[in-house]
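Undergrad: Sharing a structure with you now.
The values are calculated or read from the model by the stated rules, or taken from the named source; none is laboratory data. The model shown is predicted, which means the values in this text are computed figures rather than measured ones. Here Cβ is always computed from backbone atoms with ideal geometry, including for glycine, and neighbour counts include all displayed protein chains. Note: accessible area is taken over every heavy atom of the protein model, side chains too, but ligands, DNA and RNA are not part of it. Shrake-Rupley method; radii C 1.70, N 1.55, O 1.52, S 1.80 Å.
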Amino acid sequence: MKIIVFIYLLFVTINCFSQLKSDSIVPVKVQDSINQRFMDEIVITASRISERILSSPVSIDYLNFDDAQKMASLSCFDALENLKGVHIITPSLGYKVVNARGFANTTNVRFAQLIDGVDNQSPHIGAPIANALGANDLDINKIEITSGTASALYGINAINGMVNILTKNPFIHQGISIQQLTGINHIGNINTIDPKLFSQTNFRYAQAFRSKFALKVNGSYTNGTDWFADNRADLAPTLNAATNLIGNNNPAFDEVNSYGNESPNRRTLTLDGKKYVVARTGYREIDIENYDIKNYKGDIGIYYRPKNKHELSFTYKGALINTIYQRSNRFRLKDYTLHQYVFEYHSDVFLLRTYLTQENTGKSYNLRSLAENMDRVFKQDDEWFSDYVFAYNNAFANGSSVADAHKLARNNADSGRYEVGTDSYEQKKKELVDINNWDKGAALRVKSYLSHLEGTFSWDKFFPDLFEKMQLQIMNGFDHRTYIIIPDGNYFINPVDSGKNLFYNKTGGFIQLNKDLLNKMLRLSITIRADKADYFDWKVNPRITAFFSPKEELNFRIAYQSGYRFPSIFEGFSNINSGGVKRVGGLNIMSNGVFENSYTKTSIDVFQFQVNSDINTLGLTQEQAIEKNKGLLKKNPYTYIEPEHVRSFELGFRGLALKKSLFLDADIYYNSYDNFIAQVETNIPKTSNSDSIPTFLYIKSKQDRYRLWTNSQSKIYNYGLSLGLKFKCNEKLSFLGNIAYSKLDQSNNKDGLEDGYNTPEWMLNATFMTDNIWKNLGASMTARYHTKFEYVSFLVNGTVPAYCTLDTQINYQFKQLGIVIKVGANNLLNKYYYSMLGGSSIGGLYYISLNYAIKK
C-alpha cells in the first residue's frame, strides 16, 4: 500500500511540474496521436470484453506487432520477456516456457497460452510446446499477457496467468508477407568447431472477397542447431565423502547432463571392508544427441461475414516438431505432430467456439532411458557390478590405491560397451528408441485428443438501452472440454479396462457483472465461476474487482481472485516405469495402496547415507548401523491428489504524466496456495514384516520406487510487485523499462515434496527504441538482468547464477518497396548462461532478417 501511495504522490508531482512553462522541465513535444495511443490502447483478455488498458481491473500488459518488430528479440514470442513480470526459461532453443509470479518449471501447467482465445496446449502434457502451434510473426497483431490467476473467467488452470496471442484479421490486414531470418549461433562453443546456421522462413497470405469472404494462409519453417546441455557438475558429490573419494575420484559421479548414472543406477558395494556407492557409467547428452531443430507449422482459415458485426470462421493449424523437450527428463521430440481444428461464430453479442486438438508424439524418445538401456543391453546390472567388484579386489590386492582401484574396476566393467559414433552404437540406438518400454527401450509413443466447446453471451449488448440506463454490464459463459488418451502400455494405461481409452472431462460456467458508479469514475465488478472435473466435486471461483479513476490520468485498481487448478492428464493418469522408478498419477484409480505403504525417499537417502557412514567411520556391522538409524525412516504422509487452490489479492495503479507521454503501471500481489500440486518420491519395501522393513529399505533391490503426484499439506505463500513504464521521449525515441520482485514467503512441511519456486527474486528490463534516426533507419537495445535463484526439480537441484544479457538490432525500411531489413544480436556479448538447471547453456545468436510485404 505504501508503494502505491508513493507512486500516486510521484505522479501528482510529475503532473504538477509538467504544467510549468520552463523548457528545462517540459519534454520534447510529442504528437497528440502518439500521446493518445497510451489512452486508447484496447485489451480484451483481462475481462473478456474490450476495454482500455487504463481501465483494466487486473494486471495486464500488451505487446503489439510494430513494437515487437522494433525490439531486438528474435521473434515476437521471444519479445514477451521484455514485458513487466514475465519470466521465460529456456530448456532448448525450440522450447521456451512463459511464466509469471513464481513456481516456474519446464511443463508450466499453471500458465495458459491462447491463440485468439484457443488453448494451444499439447493434451497429454497439459501445456504448450512453446509457440510450436502458435502464430508466426507475420500474423501476430498483438499479444496480451495477464499476470495472476485468470481462472474465474477462463477456467483453464490459469492460476499464474495467461498469454493471448491475437492474430491479424484477414478482412483488415490483407496482402502477402514473407520473412526470411538467417543467423548463426555456437560461436566460440567448446563443443563444436564451427558456428552453426539458424534459419526461419515465415509467410502470410490474406485476401478478402467482396467484404463477405476472406482467406488466410500462414506457414513457417525453422531449422538450426539447438543450444547444448553439457553441465558436468556432480549431483552426488558427498555419497563417498566418508571414504575421501570426491570430485573425479567419486565412483558415484553423476553429471547433470549425463544419464544412466542416477540413483536407480547405483549400488552400495562392500569393498576392502568398507561401503562404497558406485554408479553405472552412463552417457553424456551431448554425445548421444545431435541437437538438430526442424520445426514446421502452418494454418489456413476461411472467414465469412453473413451480416454486420457477425463473423463465422473455420481454421486448421498443424505442426511437425523436431526439437528438445524437458520435464523430469529430457526428450528428443522427433516427428511429433499437432493438429487443431477450430470452428467459431461470434458477434458483438455472443461467441460460440469449438475446437479439437490432436497430438501424436511420433518417433520421440527419452534421452535418459536411452542412456540407461544402452548400458544394460551391453551388460545387465548384476553382471556389471560383479565385474566391478572382481576387478577392484584384484587391483587393490596388487597395490593400487583406492581411487585408482575404482577407476581400473570401471574400465574393466565397461570393456566392450557401445561407443558413441560406432556403427554398433547407432544400430543399437535405432532399436532402443523404437521400444515403447522404458525398462528396455526409450520410445515415447502417446496419442491424445482435446475437444473443447465454449460460449459467451453479453446481455448488455443484447439489450443496450436498458443496461445503459442501469450503467450495468452482464456477461455469462460456459465451457466443456474432454481429454482422450489412447493407452500405450508404457506412458499411460487404463487400470479399469485395458481395452478402452482414458477420458477426462471438465465442465464450467461463469457470470460477470460490471457496475459503473460516480459518473463512471468507479467501476465494481464481480465474477462467479463454478467448475466440475471427473473424480472431483464442484469448485467455485469468485473474482471481485474495483477500479477508480478520479481523472483520466490516474487509475487505481484492487482485486481479489480465487482459482482452482485441476490435475493435468499427466498428473492424474501417468503410469511410467523409468530407470526403476514408477511415476504414477495421483488419482486413486492409478495409485491405490501406494501412498499408504510407502516411505519418503528423502528419509531413505538420509538413512542409507548414515548407515554407510557408521559402518565406514565407527566400524559398526551393517545390522548394528541399521538398528541405530532406523528411526530416520519416515512413512509417506501424503495422499491422493486434489485440485490446487490459490487465493490472490492485488493492488495496482496506472497513470499518465508529462503531457501523457509517460505511461506507468504498478502492482503488488499476495498469493496463498492450498493443496499445492507437486511430486513426492517414495519407496515400498518388498516385505510386510515390520521388523525387516529397515533392512529392505537399506538394500535397493529389496524395495520398489515410486514418484507420486500429490498435494502439499501446508499452505504456501508468495508475494511480489512489479513496476513498468513506457516513455515516448519524442517522435524518434522511446523507452520501455520494468522491474519485478517475487518472493516465496513460506513453505513448510517440505519432507519429500517437490515445490520449487524457481524464480529470480529480481528481474529488470530496459529497452531503448529509435525510429528514423536517419531517414528510415531505426535501432533498439534491451538490457536484461536476473538475480540468482534456487532451482528445484527431479532432474537437478541447485542455484542458477545471476545473469545479464544485452540484445540489440538496427533496421532500415524501404517503404516504397515494402521491405524491412533488420540486423540484430541476442546475447550480444556471447556470455553463456543458464536460465534454469538441467537445460541448455545459452550463448549469442546473431541474425539478419528481411521482411517483404505486398499490402492490398
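Undergrad: Could you check region 53-68 and list, in sequence order, the residues that are under 23 Å from Ile511 (Cβ atoms) and not in a helix (DSSP H, G or I)?
TA: Selection gives Ser56, Pro57, Val58, Ser59, Ile60.
Undergrad: I would also like to ask the following. Can you pull out every residue in region 273-284 that is of a type in the set (A, V, I, L, M) and open to solvent by 60 Å² or more (accessible area, probe 1.4 Å)?
TA: Within region 273-284, no residue meets the criteria.
Undergrad: Here's something else I'd like to know. Would you call Ser780 surrounded by 20 or more Cβ atoms within 10 Å (Cβ to Cβ) and in a strand (DSSP E or B)?
TA: So Ser780 passes the test.
Undergrad: Out of everything in region 767-777 that is surrounded by 15 or more Cβ atoms within 10 Å (Cβ to Cβ) and among the β-branched types (Val, Ile, Thr), what residue ends up being modelled with the highest pLDDT?
TA: Thr767
Undergrad: Here's something else I'd like to know. Is there a residue being at pLDDT below 95, surrounded by 21 or more Cβ atoms within 10 Å (Cβ to Cβ), within 24 Å of the chain's Cα centre (by Cα) and of a type in the set (Gly, Ala, Ser) anywhere in region 712-727?
TA: Among the residues of region 712-727, at least one is at pLDDT below 95, surrounded by 21 or more Cβ atoms within 10 Å (Cβ to Cβ), within 24 Å of the chain's Cα centre (by Cα) and of a type in the set (Gly, Ala, Ser), which makes the answer yes.
Undergrad: Picking from Ile493, Ile485, which residue would you name as being in contact with a His (Cβ under 7 Å, 6 or more places away or on another chain) and hydrophobic (A, V, I, L, M, F, W, C)?
TA: The conditions single out Ile485.
Undergrad: Can you find a residue in region 596-610 that is open to solvent by less than 10 Å² (accessible area, probe 1.4 Å) and in a strand (DSSP E or B)?
TA: So far as region 596-610 goes, yes, one or more of its residues are open to solvent by less than 10 Å² (accessible area, probe 1.4 Å) and in a strand (DSSP E or B).
Undergrad: To continue, here is another question. From the list Asn830, Asn772, Asn811, pick out the single residue that is at positive phi and part of a strand (DSSP E or B).
TA: Criteria check complete, one pass: Asn772.
Undergrad: Now a separate question. Which one of Leu736, Leu744, Leu764, Leu795 is surrounded by fewer than 18 Cβ atoms within 10 Å (Cβ to Cβ), hydrophobic (A, V, I, L, M, F, W, C) and either assigned to a strand (DSSP E or B) or modelled with pLDDT under 90 (or both)?
TA: Leu764
Per-residue answers, yes or no, for (1) open to solvent by 20 Å² or more (accessible area, probe 1.4 Å); (2) among the acidic types (Asp, Glu):
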{"site": "Ala252", "(1), (2)": "no, no"}
{"site": "Asn261", "(1), (2)": "no, no"}
{"site": "Leu271", "(1), (2)": "no, no"}
{"site": "Ile286", "(1), (2)": "yes, no"}
{"site": "Asp299", "(1), (2)": "yes, yes"}
{"site": "Tyr303", "(1), (2)": "yes, no"}
{"site": "Arg330", "(1), (2)": "no, no"}
{"site": "Leu333", "(1), (2)": "no, no"}
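Undergrad: Let me ask something else about it. Using the structure shown, decide if Phe653 is of a type in the set (A, V, I, L, M, F, W, C), modelled with pLDDT under 95 and either part of a strand (DSSP E or B) or under 24 Å from the mean Cα position of the chain (by Cα) (or both).
TA: no
Undergrad: List the pairs whose first member sits in region 715-729 and is touching a residue at least 12 places away in the same chain (Cβ under 8 Å) and of a type in the set (S, T, N, Q), whose second member is assigned to a strand (DSSP E or B) and open to solvent by less than 30 Å² (accessible area, probe 1.4 Å), and whose Cβ atoms are under 6 Å apart, counting only residues at least 6 apart or on separate chains?
TA: The qualifying pairs are Asn718/Asn671; Ser722/Asp667; Ser722/Ala740.
Undergrad: Moving on. Considering each residue of region 152-196, count those that are open to solvent by 20 Å² or more (accessible area, probe 1.4 Å), modelled with pLDDT of 90 or more and either polar (S, T, N, Q) or not in a loop (DSSP other than H, G, I, E, B) (or both), and give that number.
TA: Final tally of qualifying residues: 11.
Undergrad: Something else now. Considering region 661-683 alone, what residues qualify as being surrounded by 20 or more Cβ atoms within 10 Å (Cβ to Cβ) and part of a loop (DSSP other than H, G, I, E, B)?
TA: Ser661, Phe676
Undergrad: Looking only at region 611-621, how many residues end up being out of contact with any Phe, Trp or Tyr (no Cβ under 8 Å at 6 or more places or on another chain), open to solvent by less than 30 Å² (accessible area, probe 1.4 Å) and aliphatic (A, V, I, L, M)?
TA: Total meeting the criteria: 1.
Undergrad: Mind telling me which of the residues Lys294, Lys309 ends up being charged (D, E, K, R), surrounded by fewer than 16 Cβ atoms within 10 Å (Cβ to Cβ) and at pLDDT below 95?
TA: After ruling out the rest, the residue left standing is Lys309.
Undergrad: While we're looking at this one, here's another question. List pairs: first in region 478-506 and within 17 Å of Asn436 (Cβ to Cβ), second of a type in the set (A, V, I, L, M) and part of a loop (DSSP other than H, G, I, E, B), Cβ under 7 Å, 6+ apart or cross-chain?
TA: Short answer, once both residue conditions are applied: Pro487/Ile493; Asp488/Val446; Tyr491/Leu444; Tyr491/Val446; Phe492/Val446.
Undergrad: Can you tell me how many residues in region 361-384 are in a helix (DSSP H, G or I) and either touching a Gly at 6+ places or on another chain (Cβ under 9 Å) or open to solvent by 10 Å² or more (accessible area, probe 1.4 Å) (or both)?
TA: Qualifying residue count for the region: 14.
For (1) assigned to a loop (DSSP other than H, G, I, E, B); (2) farther than 28 Å from Gly580 by Cβ; (3) within 31 Å of the chain's Cα centre (by Cα), each residue gets a yes or a no:
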{"site": "Val277", "(1), (2), (3)": "no, no, no"}
{"site": "Gly298", "(1), (2), (3)": "no, yes, yes"}
{"site": "Ile302", "(1), (2), (3)": "no, yes, no"}
{"site": "Lys309", "(1), (2), (3)": "yes, yes, no"}
{"site": "Asn322", "(1), (2), (3)": "no, yes, yes"}
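Undergrad: Can you tell me which of (1) surrounded by 22 or more Cβ atoms within 10 Å (Cβ to Cβ); (2) closer than 30 Å to Asp745 by Cα is the one Ile140 doesn't meet?
TA: So Ile140 meets the others, but not (2).
Undergrad: For the subset of region 828-840 comprising residues that are polar (S, T, N, Q) and either open to solvent by less than 10 Å² (accessible area, probe 1.4 Å) or modelled with pLDDT under 95 (or both), which member is farthest from the chain's Cα centre (by Cα)?
TA: Ser840
Undergrad: Restricting attention to region 335-344, does a residue exist that is open to solvent by less than 50 Å² (accessible area, probe 1.4 Å), closer than 30 Å to Arg707 by Cα, touching a Lys or Arg at 6+ places or on another chain (Cβ under 7 Å) and assigned to a strand (DSSP E or B)?
TA: The answer is no; no qualifying residue exists.
Undergrad: Continuing with this model, one more query. Among the residues of region 429-438 satisfying the criterion of being in a loop (DSSP other than H, G, I, E, B) and of a type in the set (A, V, I, L, M), which is most open to solvent (accessible area, probe 1.4 Å)?
TA: Of everything passing the filter in region 429-438, Ile435 is most open to solvent (accessible area, probe 1.4 Å).
Undergrad: Additional query: For region 439-455, how many residues are open to solvent by 50 Å² or more (accessible area, probe 1.4 Å) and part of a strand (DSSP E or B)?
TA: Total satisfying the criteria: 3.
Undergrad: Check region 219-228 and report whether any residue there is touching a residue at least 60 places away in the same chain (Cβ under 8 Å), of a type in the set (Ser, Thr, Tyr) and within 19 Å of Tyr276 (Cβ to Cβ).
TA: The answer is no, given that none of the residues of region 219-228 is touching a residue at least 60 places away in the same chain (Cβ under 8 Å), of a type in the set (Ser, Thr, Tyr) and within 19 Å of Tyr276 (Cβ to Cβ).
Undergrad: A further question on this structure: Scanning region 684-698 for residues that are part of a loop (DSSP other than H, G, I, E, B) and in contact (Cβ under 8 Å) with a residue 12 or more places away in the chain, which turns out farthest from the chain's Cα centre (by Cα)?
TA: Here the residue is Thr687.
Undergrad: Looking at region 200-226 only, could you name the residues that are among the β-branched types (Val, Ile, Thr) and either more than 29 Å from the chain's Cα centre (by Cα) or within 22 Å of Ile324 (Cβ to Cβ) (or both)?
TA: Thr201, Thr222, Thr225
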